[in-house]
Amino acid sequence: MCKMSNNNAPNNRPKNMNTSAFFDRKFALNYHQRPSATKWLQMFAISVLGFGFIGLQGIITDSSKNLRATDSLLPASNRFSHSDINSPYEQIFVGTRLPKYQMKLGPEAQQIEKTIAPKDRICFVHVGKAGGSSVGCALGFGLHCPNNTVMMDGILPRRTTNMFHSDGYDCYDESEYFLFVMRSPLERIKSAFLYERPYSETHLQMKFPKYYKSRKAFYMDCPFRYLEDWVRMGLMGMTASYGSNTVASEECQKIAHSTVWGTGRYVEHMFFNYQFHLEGIPSDAKILVIRNEHLVDDWNQVEHHIGGEKNILTKEMAETRLPVINKKNNTNDPSVKFDRYPTPKYMSEEATNVLCRNLCNEIVTYKKILRRSANLNYQQIEESISELRESCGKYADYNEGDCYMGMPDIEDKLIAFRGYTDQVPQAAMLQHKDRLEDPNPPPKRSFGKEVLPTDDDARYPLF
């Protein structure tokens, strides 16, 4: 079904790579670091005054034209700063453009980025459905923020200049910190399930053609319309709890397991999970954590940890400036209106226990990130584990090796979707170019008004 390994140590990059299937792009990457031909010619011209200065000037002019022609063949950086430091993402996937939702927006943020060296920057690690969109908007990123969103005050938003989200790694490996927004693995997976559940096959085919095949296989070809059914029929091999005699096929049960483990790409937010984002950053990276359940306290703690004001964010400010951003709206989502269960996130105690069992490795990774954080103390980490224990019981206390299955080996997954600067698979290159054909950001959201539930994620359905 998938390769498993008991070693989950985060890697700076996978060690065993099949180089025959990759592009060698070192020349393109090092091009801008080489001395300017024009400058060399100009210095030579000055040093040989009296030996044909006018002739040399003509050579310089011609060389400049040739150099500009060569430059035009290279991929232009889409970062707003247009500085000598190119987007790390564009250095990995040469010829593609960084999505605007991963950029800092606004003149102030644009000016600040030019002044911060890579080693002093903070990378925002945005794990989908962990509450990171609200934090990302407050940090000044494009995402799909409301029109009235402005970057928060303080040091943190100004030093957090780059983002790592799903298959878009746009961070410098030498960044001083990597900032994670964390949420209970159980609540994150529930949210991911509902977020990507299509309203109908017609809607899925029209609005999300790129994800039509994978989402149809999970939500429609398999009987996984509801959380309870996904767990009971897919993970437990039983019939639905409401009395139906329907059972999931062996293939659907394989799909159910690979999805929750993050080894099968059927639900995007489950595929790009905590393990992917942790192993996608350097193994020696320093981590900062903002827990979704303790957002105000942790934001202030991070701000103070990096030298800022101790209590810069109040609860009142958080309510107005860090609004919850979510596509699903229970009042206008037909797939939610007619749920056969009491609430969209309903799960029986038995189903919850089974889902936690299958999330065991994600729980282990979740705790690893918490324990590596530079800003959280022991009591705060134990507080989050205790909160998880209320819903997942004994699995909240499991460590690596205790789970019933080994930690997935995601080396190939990292190579294909995280990418590395020296080599990248051809298939991944083509995928990124196709995904970013439309460089426009997703539409802005307006709170207080009902928005058609598909408008904001037609282009970028990974938040």
- Task: Write out, first by first residue and then by second, each pair whose Cβ atoms fall under 8 Å of each other, whose residues are 6+ apart or on separate chains, and whose first residue, in the stretch 397-423, is under 17 Å from K367 (Cβ atoms) and open to solvent by 20 Å² or more (accessible area, probe 1.4 Å) while the second is at pLDDT 95 or above and part of a loop (DSSP other than H, G, I, E, B).
- Result: E400/M407
- Task: Could you tell me which residue of the stretch 132-157 is surrounded by the fewest Cβ atoms within 10 Å (Cβ to Cβ), considering only residues that are of a type in the set (G, A, S) and in a helix (DSSP H, G or I)?
- Result: S134
- Query: Is there any pair linking a residue in the stretch 257-275 that is open to solvent by 10 Å² or more (accessible area, probe 1.4 Å) and polar (S, T, N, Q) to one that is assigned to a loop (DSSP other than H, G, I, E, B) and modelled with pLDDT under 95, with Cβ under 6 Å and at least six apart or on different chains, and which?
  - Reply: T263/C2
- Which of the following residues is open to solvent by 20 Å² or more (accessible area, probe 1.4 Å) and modelled with pLDDT of 95 or more: K368, K310, K345, K328? K368
- Note on the structure: Selection over the stretch 167-213 where residues are open to solvent by less than 20 Å² (accessible area, probe 1.4 Å) and either of a type in the set (G, A, S) or without any contact (Cβ under 8 Å) to a residue 60 or more places away in the chain (or both) yields a count of 6
- Task: Working only within the stretch 148-191, note down all residues that are under 18 Å from L288 (Cα atoms), among the hydrophobic types (A, V, I, L, M, F, W, C) and under 16 Å from the mean Cα position of the chain (by Cα).
- Result: M163, F164, C171, F178, L179, F180, V181, M182
- Message: Can you tell me which condition R232 does not meet? The list is (1) surrounded by fewer than 23 Cβ atoms within 10 Å (Cβ to Cβ); (2) part of a helix (DSSP H, G or I); (3) out of contact with any Leu (no Cβ under 7 Å at 6 or more places or on another chain), and all the others hold.
- Response: (1)
- Message: Anything in the stretch 87-131 that is in a helix (DSSP H, G or I) and within 25 Å of V267 (Cβ to Cβ)? List them, or say none.
- Response: Y89, I92, K100, Y101, Q102
- Query: What single numbered condition from (1) at pLDDT below 95; (2) closer than 20 Å to T115 by Cα; (3) of a type in the set (G, A, S) fails to hold for S175?
  - Reply: (1)
- Here is a list of conditions, (1) at pLDDT 95 or above; (2) open to solvent by 10 Å² or more (accessible area, probe 1.4 Å); (3) over 30 Å from D120 (Cβ atoms); (4) in a helix (DSSP H, G or I), and I363 meets all of them except one; can you say which number that is? (2)
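The values are calculated or read from the model by the stated rules, or taken from the named source; none is laboratory data. These numbers were taken from a predicted model, which means no experiment stands behind them. Glycine gets a Cβ as well: all are built from the backbone with ideal geometry, and neighbour counts include every protein chain shown. The accessibility values were calculated without ligands, DNA or RNA, using every heavy atom of the protein model including side chains. Shrake-Rupley method; radii C 1.70, N 1.55, O 1.52, S 1.80 Å.
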